[in-house]
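Visitor: Just passing along the structure, written as structure tokens.
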There are 2 protein chains.
Amino acid sequence: MGKTVIELEKVAQVLKLLGDKTRLTIMGLIKDGECCVCEFVEVLQMSQPSISQHLRKLRDAGLVKEQRRGQWIFYSVNTNHPSYLIVQQVLEQIPDQKEKLQALEEAGLRIQCDM
Amino acid sequence: MGKTVIELEKVAQVLKLLGDKTRLTIMGLIKDGECCVCEFVEVLQMSQPSISQHLRKLRDAGLVKEQRRGQWIFYSVNTNHPSYLIVQQVLEQIPDQKEKLQALEEAGLRIQCDM
DNA sequence: TGCAAATATAAGCATATGCTAATATACTAA
DNA sequence: TTAGTATATTAGCATATGCTTATATTTGCA
């Protein structure tokens, strides 16, 4: 697969979105999995509307996908995004967020949905 | 060389700085070289104070180095920055800015300083 | 049907950001 | 020393951003 150069302006837009502690953590949490909104709220200890607004920005830019399953909406990284390579490289550089999800699981707060 | 994981907050700060069209272009222009302020002004077609303010942010964060030579101050990428790897990977993904500098050179506007 | 849980949206507000205009500083050369 | 060039800094202003509070929407379940 050849290297694709992406318009500078598009890259700047993606970096701007990732350049926020909350959104970068969200992306780290779903680096290789998915989470629903209430899990983000629990892990990040932020209000639900605030999380929803960050998710909307990420979704509007196409960086994440959403999928409703029952009463929950699960978010995951959109690996088809033109700038996914950059996203991936960035997420390689930040501390692993898995332990935060494990803590959730141990507290019995991880959402399991089999629908 | 082992992989170093950098604090998420620090990474977010760097991405925020790169998440601006002007600053990203500046970084692209000095990806493998150096430029002085008047060259940025010419290439980006922006006011000198505006460029200076962007350069200050990049310098305050340690992403660029400055070196005075005569009446000019030359800026270059600080390859020793903790997040330099990320910076480098990002700059790989944007269109090459060299041609803009070549155009400057052909117009006789490139600064040559032998001090 | 009716209520509770999960999520989204909108309005309002405080702070951050990026630009311009004006001015200050540093260096060069006559 | 004086003028000119390059750069930095400051103040002011308009817009963008992120949060809170309040409310709407969707789904599950009794």
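Visitor: For the stretch B:8-93, which helices (runs of 4 or more DSSP H) that fit wholly inside it have 2 or more residues that are among the acidic types (D, E)?
Guide: Working: elements: B:8-18, B:21-29, B:37-44, B:48-60, B:84-93.
Those helices (runs of 4 or more DSSP H) span B:37-44.
Visitor: Only one residue in B:Q102, B:Q53, B:Q45 is at pLDDT below 95, over 11 Å from the mean Cα position of the chain (by Cα) and of a type outside the set (S, T, Y). Which one?
Guide: The match here is B:Q102.
Visitor: Further question on the same structure: Go through the stretch B:3-50 and count every residue that is at negative phi, within 11 Å of DNA strand C (Cβ to nearest atom) and free of Cβ contacts under 8 Å to residues at least 24 places away in the same chain.
Guide: Final tally of qualifying residues: 9.
Visitor: Right, here's the next one. A:E99 fails exactly one of the following numbered conditions: (1) within 16 Å of DNA strand D (Cβ to nearest atom); (2) in a helix (DSSP H, G or I). What is the number of that condition?
Guide: (1)
Visitor: Continuing with the same structure: If I ask for residues that are free of Cβ contacts under 8 Å to residues at least 24 places away in the same chain and either aromatic (F, W, Y) or away from every other protein chain (no Cβ under 14 Å) (or both), which ones from the stretch B:74-102 would you list?
Guide: The answer is B:N78, B:T79, B:N80, B:Y84, B:Q102.
Visitor: Also, I was wondering about something else. Looking at the stretch B:57-115 only, could you name the residues that are surrounded by fewer than 15 Cβ atoms within 10 Å (Cβ to Cβ) and of a type in the set (D, E)?
Guide: The answer is B:D60, B:E92, B:D96, B:E99, B:E105, B:E106, B:D114.
Visitor: I would also like to ask the following. Within the stretch B:1-9, does at least one residue satisfy the condition of being crowded, with 17+ Cβ neighbours inside 10 Å and closer than 28 Å to A:V87 by Cβ? Write out each step before concluding.
Guide: So the first thing to find is which residues in the stretch B:1-9 are crowded, with 17+ Cβ neighbours inside 10 Å, and the list is none.
There is no residue in the stretch B:1-9 that is crowded, with 17+ Cβ neighbours inside 10 Å and closer than 28 Å to A:V87 by Cβ.
The values are calculated or read from the model by the stated rules, or taken from the named source; none is laboratory data. Being a predicted model, the structure only gives us computed values, none of them experimental. Note: ideal-geometry Cβ built from the backbone for every residue, glycine included; neighbour counts use all protein chains shown.
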